[in-house]
Amino acid sequence: MAADTDIEIRRYRSVFISDIHLGTRGCQAELLLDFIRHIKCDKLFLVGDIIDGWKLRSGWHWPQAHNDVVQKILRLARKGVEVIYVPGNHDDRVRDFCGVHFGGVVVARDVIHQAADGKRYLVVHGDEFDGVVQHAKWLAFLGDWSYRTILMLNTLLNRARRRLGFGYWSLSAYLKVKVKNALQFIENFEAAVADEARRRGVDGVICGHIHKAEMREIDGILYVNDGDWVESCTALVEHLDGRLEILEWSKLRSWSVIDRARALTLEPPIAEPAAA
């Protein structure tokens, strides 16, 4: 199977990832590290909820793989990749630093990205179009707690699947498509984001937030959601000709391949300077 063989480095003009949720047990950091190791790009857009500040405030969880993700992104910036960080609701405190550069990473409230084919896209996390987040934050926190409980079950399930030699499968994503109210919320969200893109006079919108990768046209506006690295493990890529594609990395790679690649490419930890 293709997923059980190594793959070549993939070259893209731009890459968009969001909803990594570093600091949570549901974060699929090893899959993301494997993805980053197999791409080259000119621009990397971090489309919000990269670090989960909500979770970190209630308890610290930061394994080495999460630190490796941060180091890998900073290393890309040092090597000349233009890294743009558009914060979301879980890392909303970063919004206080819009316009500031951190180690080559620039923070922006939103961005208009012009693709190689001339089309223009609004890049925004999307939480401002979620009425629950904006007007009932207590309910958003309650929903986040329930969601993290499902993700904990998802983690335990995939730990067992990994030991049995099966690939990654998302329980939370499965439940989402089975619940009618969730589907209606997603449709309303997509329509609201597309309306904002139309108001801005652009060709489309690229967002995250709802953890559902999607690419479709809504009344003349191309709506693109790059998904997440908790449930679907997806990214949006722009090819050199401007064509957009959603990559489902968990379907392209198996755990056995990722474990082997990590063992072969594991970079030594950065040595701390000796005390004076």
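For the stretch 74-116, a residue qualifies if it is open to solvent by less than 30 Å² (accessible area, probe 1.4 Å) and part of a loop (DSSP other than H, G, I, E, B), and the qualifying residues are 81, 86, 87, 88, 89, 90, 91, 108, 115.
When residue 45 is tested against (1) part of a loop (DSSP other than H, G, I, E, B); (2) crowded, with 20+ Cβ neighbours inside 10 Å; (3) not small (Gly, Ala, Ser), exactly one condition is not met: (1). If you filter the stretch 7-23 down to residues that are of a type outside the set (A, V, I, L, M, F, W, C) and surrounded by 24 or more Cβ atoms within 10 Å (Cβ to Cβ), you find that the one that is farthest from residue 210 (Cα to Cα) is 14. Taking the criterion of being among the charged types (D, E, K, R) and under 16 Å from residue 115 (Cα atoms), the residues of the stretch 222-239 that qualify are 226, 238. For the stretch 50-73, a residue qualifies if it is within 15 Å of the chain's Cα centre (by Cα) and either open to solvent by 30 Å² or more (accessible area, probe 1.4 Å) or at pLDDT 95 or above (or both), and the qualifying residues are 50, 51, 66, 69, 70, 72, 73. When the stretch 238-253 is filtered for residues that are modelled with pLDDT of 95 or more, open to solvent by 30 Å² or more (accessible area, probe 1.4 Å) and closer than 25 Å to residue 155 by Cα, only 246 remains. Among the residues of the stretch 188-217, the ones that are in a strand (DSSP E or B) and either among the hydroxyl-bearing types (Ser, Thr, Tyr) or open to solvent by 20 Å² or more (accessible area, probe 1.4 Å) (or both) come to 4 in all. Summed over the stretch 28-42, the residues that are part of a helix (DSSP H, G or I) and either open to solvent by less than 20 Å² (accessible area, probe 1.4 Å) or hydrophobic (A, V, I, L, M, F, W, C) (or both) give a count of 7. Quick one: would you say residue 10 is among the basic types (Lys, Arg) and within 14 Å of residue 249 (Cα to Cα)? It is true that residue 10 is among the basic types (Lys, Arg) and within 14 Å of residue 249 (Cα to Cα).
Using the structure shown, decide if residue 235 is at pLDDT 90 or above, open to solvent by less than 70 Å² (accessible area, probe 1.4 Å) and either under 21 Å from residue 26 (Cα atoms) or not hydroxyl-bearing (Ser, Thr, Tyr) (or both). Answer is yes for this residue. Pairing residues of the stretch 104-116 that are within 14 Å of residue 196 (Cα to Cα) with residues that are in a strand (DSSP E or B) and open to solvent by 40 Å² or more (accessible area, probe 1.4 Å), at Cβ distances under 9 Å and at least 6 apart in sequence or on separate chains, gives 112/120. Apart from one condition, residue 182 fits all of (1) under 25 Å from residue 85 (Cα atoms); (2) open to solvent by less than 60 Å² (accessible area, probe 1.4 Å); (3) modelled with pLDDT under 95; (4) not in a loop (DSSP other than H, G, I, E, B); the exception is (1).
The values are calculated or read from the model by the stated rules, or taken from the named source; none is laboratory data. Computed from a prediction, not measured in an experiment: that's the story for all the values here. Glycine also receives a Cβ, built like all others from the backbone with ideal geometry; neighbour counts cover every protein chain displayed. What goes into the accessible areas is simple: the full protein's heavy atoms, side chains included, and nothing from ligands, DNA or RNA. Shrake-Rupley method; radii C 1.70, N 1.55, O 1.52, S 1.80 Å.
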